[in-house]
Each structure stands twice: as structure tokens, then as C-alpha cells.
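To keep things clear, I will list the structure first and then write my remarks on it.
No lab work stands behind these numbers, since they all come straight from the coordinates. Only a predicted model underlies this, so the values are computations on that prediction, with no experimental measurement involved. Glycine also receives a Cβ, built like all others from the backbone with ideal geometry; neighbour counts cover every protein chain displayed.
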Amino acid sequence: MPRSDWNTVSNTSFPIPVQSEQRKIWQLFNVLDNLIAATQHKIDALEQIKEKLSQNLFDQSWRFKEYSTPWKENKLKDIVSAYSGGTPSANIRTYYGGHIPFIRSAEIHSSTTALTLTQEGLQNSSAKLVKTGDILYALYGANSGDVDRSKINGAINQAILAMRPSKENDPNFILFQLMRMKDKIVSTYLQGGQGNLSGRLILALNLDMPESTLEQRTIGRLLQLLCELIGVNQSKYSQLELLKKSLLQNLFV
């Protein structure tokens, strides 16, 4: 540290609480730090459980006891209806600012969007409507290969492939199959993780599927419950970090 800076620091007065108050503050932050660490440990453990379950359920090394029929390979295009959207002209102001959320590829995990469309914008473009629960696959952008179920009713652009499984197939099962395949898809088809995917390429993927819709639902629901549990703990972790930050800002003033 430069001498001039040290002189400034060394001559600065800091309010110091009495020893008993110092001890209470230390105990408070110690408890908070332990809670934060324990929550992160729980998140890591749940992520490992999810990864292990996905691996063993989808390679069929683990089966629920009531099911033994071998799975069959299906092309994705044969078990879903699929489409992409488009983008209304940015030069026509009346196309934007309406009540239709406009979902772009970076927003497939979100329940809010930065842009909204008017009915006029929807009708005068290739943007397409999606419903809550539709599978959304990011084709373009930094998150190419990401997939999720839509959190909202809205419209999509050309960077997203929307999919609706046939009634015999469970959307969560297909979702987690596609999540599991992401790394292989990105490493195979994208240069250094950058670039665009095509809807045709994704729909040509082969997925191993149980013939039993109930088996699909059982697997899909189990993994979905794990994801929800992870999400609850991630929210708890964020709240604890915010609490710690707030205490640091307000106790030491």
C-alpha cells in the first residue's frame, strides 16, 4: 500500500462497539454464513442426485419395477408438432407495446419479457403464439441448446423452436431428454459453443421413449419435482445472501 494511502487509513477513526456487542454481531454472521454454506451444499447434492437419476433412468439401467418393456427409438419430429416464429419490423412502432409477451431465446426460462407485441404486430409478422407449458428450444444466441417449458402465454421469434408433444407423450419426459442431450448437440453442431442450430436438425434427433405414457410421466414428474426442490433452495440461498448484504450495510454505518 502506498505510504500516502496508509497514512489516510491509519488516521481514520472507526466506531467500535463494546465487546459484548461485537460478540453478538460475530455470532449472527457466523450463523448466517453456516446457513448459506449448508444451503449451497444442499443445492450441490440435489444437482448430483438429479444428474445421477437422469443418467440411469434414461439409459434404462434403472427401471421402475412395474415396467420392463424395452424403450423404442423415435425421431422427435414424429412425436411433437413444432414451429418457429418471426420478428415484427422494429421500424413500425404500433407493432410493439401491446399485451402479448414477446419471448426471445434468452427468455425461455423467464416469466417476463423485455418486449411485448400488439395484435397488429402479431398479425403482420411471422411471430407465432405459444401456450404455458409448451416446450421452447433456443436455436440462436449465446444460450443455443437451452430448453424449457414456457412459463407464460406469448409469442416467439425465429430463434425459438416451439414443440407440443402428442397426447401419448409426456412433455416433461421429452424436456429432460433434450436437456440431457444439450452438451452433445452443442459440441457436435456449434463451433466453440457459438453459432445457430436449425429446427430441422433438432427435430431429426432420436429419442429413446417408453411405450407406456405412465412410465414417461413417472420419470418426468420425478425429475420435475427435483428441479422444483433445487429452485426452492436456490431462492433460499439468494435471500440469505441478500440478508447478509443488508446487515453488513446497516450494522456498520
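Per DSSP H run of n ≥ 4, the term is -39500 (n - 2.57); total these for the chain, divide by its residue number, and report the mean residue ellipticity at 222 nm rounded to 500 deg cm²/dmol.
Computed mean residue ellipticity for the chain: -15500 deg cm²/dmol.
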- prompt: Along the positive direction of the dipole of the chain (beta-carbon charges: Lys, Arg +1; Asp, Glu -1; about the Cα centre), which of L76, P17, L240 reaches farthest?
  reply: P17
task: Mind putting a number on the dipole of segment 135-194 about its Cα centre? Charges go on the C-beta only, +1 for Lys and Arg and -1 for Asp and Glu, and I need it in Debye to the nearest 20.
output: 60
query: Excluding G145 itself, what net charge comes from residues whose Cβ is under 11 Å from its Cβ, given Lys and Arg +1 and Asp and Glu -1?
result: 0
- prompt: If you put +1 on each Lys and Arg Cβ and -1 on each Asp and Glu Cβ, how big is the dipole of segment 55-113 around its Cα centre, in Debye rounded to 20?
  reply: 100
field: Amide H contacts of R149 (H built 1.01 Å from N, under 5 Å, at least 5 apart or other chain)
entry: L136
task: Could you work out the Kirkwood radius for segment 158-253, taking every pair of different alpha carbons, averaging 1/r and inverting it, reported in Å?
output: 16.8
message: Under a Cβ-only charge scheme (Lys and Arg +1, Asp and Glu -1), can you give me the dipole magnitude of the chain about the Cα centre, in debye to the nearest 20?
response: 220
- prompt: Label H109 and L28 with points 7 Å out from Cα along Cα→Cβ: what is the distance between them in nm?
  reply: 3.3
- request: Give the peptides 37-44, 64-71 in descending order of average Cβ contacts within 10 Å, highest first.
  value: 37-44, 64-71
- prompt: Dividing the Cα convex hull volume of segment 23-125 by residue count, how many Å³ per residue is that?
  reply: 231
Computed over segment 69-181: relative contact order in percent, which uses C-alpha pairs under 8 Å that are six or more apart: 32
field: Ranked packing of 25-36, 50-61, most packed first, by mean Cβ within 10 Å
entry: 50-61, 25-36
- request: With everything on Cα atoms, drop me the angle between helix 19-58 and the longest principal axis of the chain, reported from 0 to 90° to the nearest 10.
  value: 20
query: Which number gives the lysine pairs in segment 35-138 that have C-alpha atoms under 29 Å apart and are eight or more places apart or on different chains?
result: 18
query: Considering amide H positions built from the backbone, and no H for Pro or chain starts, which residues 5 or more places from D208, or on another chain, come under 5 Å of its amide H?
result: N74
- prompt: Relative contact order for the chain using alpha-carbon pairs under 8 Å, separation at least 6, rounded to a whole percent?
  reply: 23
statement: If R0 = 51 Å, then I79 and Q19, at their Cβ-Cβ distance, give a FRET efficiency to the nearest 0.05 of 0.15
field: For segment 77-223, alpha-carbon Rg over 2.2 N^0.38 Å
entry: 1.07
Label corresponding to semi-axes √(5λ) of the Cα gyration tensor in Å when calculated from the structure given, among (i) 33, 20, 16; (ii) 42, 26, 15; (iii) 44, 29, 17: (iii)
message: For G98, what residues show an amide H to amide H distance below 5 Å, using hydrogens built from the backbone and excluding near sequence neighbours?
response: T116, L117, T118
